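The next block holds one structure in the form of structure tokens; read it before the comments.
What follows draws every value from the coordinates through simple rules; no lab data is involved. Quantities reported herein were computed from a predicted structural model and do not represent experimental measurements. Using ideal geometry, Cβ is built from the backbone for each residue, glycine included, and neighbour counts are taken over all protein chains shown.
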Amino acid sequence: MHQTTHSATGDPRQVLRRIRDILDENPDLAPRYEEAKKIIRIFRKPAFYEVTQRCNLKCEGCYYFEGNFKPVKEQDSIQAWEDFFAVEKERGVSIAYFVGAEPALEQERLVAAAKIFPYGNVGTNGTVKIDPVVPYRISISMWAGDDDTDKKLRGASVFKKAFKNYQGDPRVLVYFTLSRWNLGTVRTVVEMCRDNGFPLTFNLYSPSNTFLSKLNGGASNDNQFFRVSTQEDTPMFRDSDLAEARKVVLDLMEEFPETVLYSKAYNEWSTRPGPMHEVDENGLAPRCGSRILGHMNYYGSDLKQQHPKCCTPDLDCSQCRIMSGGWSTKLQPDAHDLSSGEAFANWMDILGALNRIFVYENRHLAAPAVAAE
Ligand code: SF4
Ligand code: SF4
């Protein structure tokens, strides 16, 4: 999740001019715009840190270990991590993302960061509890609400373990990766989140280039990240599944307004058939907010800077519906968002949801996104 250096409508001055016009026509939107600006400021200079290259799961189509994965020698000295984070803070990092493989397997590195950055977000699979001294949003990925589907998708059933590990932990946000194989199981996880007081949001399964080439090349299944898919049956969405996913999400938003953190406008956008992002002749999404561009830095667990296209570089941009790319793209309003006062209000609803999803420290800022149209 990070801010783009691009503007979907081109010139940032034009965007500001258009926003001023909208606010002149709709003065009631002005206080909400002030809140929106506070949210955008937090994402002004994000940075990404790969905490470790180890993971204890085997998710089908894993975006991390396939493709261009090149192991590095991890930095083992905690003092070196602390010193490095201190320099990063000096560089002006506004929010730190701790990614992996699985960050919970090297917690001392997270504890080192906890002393330094005011805003942070840890992406984890929930199988190992992260020390309570780490004061950041703990974003737990879940892929199923029953044992069989979880085993099929991740190589082990882990969702119940995550609930057990984090009982009563206010840092937790669950993000459920919707796929063709689990739409019928998501309700169970939403109910468990309600019972545990955890907010829940959605991610959408997005295939990696490696996964697609194995599938299209008729590769045999292996015991790693291509264990169960066949050409006829994969977790990927077809258009009809996207329509079903949209409906499942809408129903859950209506039924569990206290638990589901989402936005109707975002749901509509992310489940449209066809590419979610505009893709250029090189197959890249130039305006995706997750692109590692400009002053947005990405570091491996050797603490050296890397230059991937984004933090999930093996994903195919033309089929990517991953939440980080989707939400971060919405940090800047596009032409549609600026087309009317109503569209602009919807964009601010999306920003409010984004804040509540990604920024634990700031959860008091925007109103619940469930009011979004
Ligand atoms: S996608 Fe699954 S297997 Fe891959 S790094 Fe994440 S949790 Fe581990
Ligand atoms: S793979 Fe997804 S998140 Fe990464 S740049 Fe492409 S569209 Fe954005």
Once phi is turned into ³J(HN,Hα) by the Karplus curve 6.51 cos²θ - 1.76 cosθ + 1.60 with θ = phi - 60°, what whole-Hz value does each residue of the range 114-126 show in order, with x for glycine and proline? 4, 6, 10, 8, x, 10, x, 8, 10, x, 9, 8, x
Sequence-distant or interchain residues sharing an amide H contact under 5 Å with residue 176, placed H: which? 142, 201, 202, 203
Extending each Cα 7 Å along its Cβ direction at residue 230 and residue 44, get the distance between those two points in nm, one decimal. 5.5 nm
Largest fluctuation, 80, 245, 162 only, Gaussian network model of the chain with Cα springs under 10 angstrom, belongs to 80
Globularity ratio of the range 1-138, using Cα Rg and 2.2 N^0.38 Å: 1.33
Which of the residue pairs 164/264; 37/304; 58/214; 151/264 have a Cα-Cα distance greater than 22 Å in the structure shown? 164/264; 37/304; 151/264
Highest-fluctuation residue, 158, 174, 248 considered, GNM on the chain with Cα pairs under 10 Å: 248
Hey, what number do you get for the chain at 222 nm if only DSSP H runs of n ≥ 4 count, each worth -39500 (n - 2.57), divided across all residues, to the nearest 500? -10500 deg cm²/dmol
Say the cut-off is 23 Å between C-alpha atoms; which of 45/73; 45/70; 70/152; 38/89 go over it? 45/73; 45/70; 70/152
What do you get when you divide the Cα radius of gyration of the chain by 2.2 N^0.38 Å, with N the number of residues? 0.95
Tell me the Kirkwood hydrodynamic radius of the range 128-183 in angstroms, computed as one over the mean inverse distance between distinct C-alpha pairs. 12.0 Å
Extension gain, residue 281 back to residue 13 (0.36 nm per residue minus Cα-Cα distance, nm): 93.7 nm
Take peptides 16-23, 353-360, 104-111 and line them up by average Cβ neighbours within 10 Å, highest first, as a rough protection proxy. 353-360, 104-111, 16-23
Run the reach check for residue 309 against aspartates and glutamates, Cα to Cα strictly under 18 Å, same-chain hits fewer than 8 apart removed. What comes back? 50, 66, 278, 280, 281
Taking the Cα-to-Cβ direction at residue 86 and at residue 108 and moving 7 Å from each Cα, how far apart do the two end points lie in nm? 1.8 nm
Given the C-alpha centroids of the range 44-113 and the range 127-182, what is the distance between them in whole angstrom? 19 Å
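Give me the extension gain from residue 69 to residue 35: residue separation times 0.36 nm, minus the current Cα-Cα distance, reported in nm with one decimal. Before the final figure, lay out each step's value.
On the way: separation 34, 0.36 × 34 = 12.24 nm, distance 3.94 nm.
Contour length minus Cα-Cα distance gives 8.3 nm.
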Residue-span extension gain [residue 169 to residue 250] - 0.36 nm each, minus C-alpha spacing: 26.5 nm
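For a Förster distance of 35 Å, can you work out the FRET efficiency between the beta-carbons of residue 340 and residue 194, rounded to the nearest 0.05? Don't skip to the end; give the middle numbers.
On the way: r = 35 Å, r/R0 = 1.00.
Calculated value: 0.50.
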